[in-house]
Amino acid sequence: MWTRAIEAFKPDTVPDDVIVDIAKQVAANSGDCWEALEQLLSVGRRADQDGMNELKLVSLDF
């Protein structure tokens, strides 16, 4: 997931703890890699709409 985050987002916008929390949550639910990537995209879009320069744990809304 780190590789996708590096490719999809600007540098220094996705903290490691956000990726770890998404991975843990998805692993507990389904273990589906695509679900994790969709969650990352969703959180990124929400942060962009809110004018945030960095994803934050409060953006996570599973």
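The values are calculated or read from the model by the stated rules, or taken from the named source; none is laboratory data. Because the structure is predicted, anything quoted here is derived from the model rather than measured. In this analysis, Cβ positions are derived from the backbone assuming ideal geometry, glycine residues included, and neighbour counts consider all displayed protein chains. Heavy atoms of the whole protein, side chains included, go into the accessibility calculation; ligands, DNA and RNA do not. Shrake-Rupley method; radii C 1.70, N 1.55, O 1.52, S 1.80 Å.
Of note:
- Point-charge dipole on Cβ atoms (K/R +1, D/E -1) for the chain, about Cα centre, debye to 20: 40 debye
- Gained length - Arg46 relative to Ser30, 0.36 nm times residue gap less alpha-carbon distance: 3.5 nm
- Per residue, in Å², the accessible surface of the chain once ligands and nucleic acids are set aside, probe 1.4 Å: 71 Å²
- Apportionment of accessible area to carbon and sulfur, the chain, percent (1.4 Å): 49 percent
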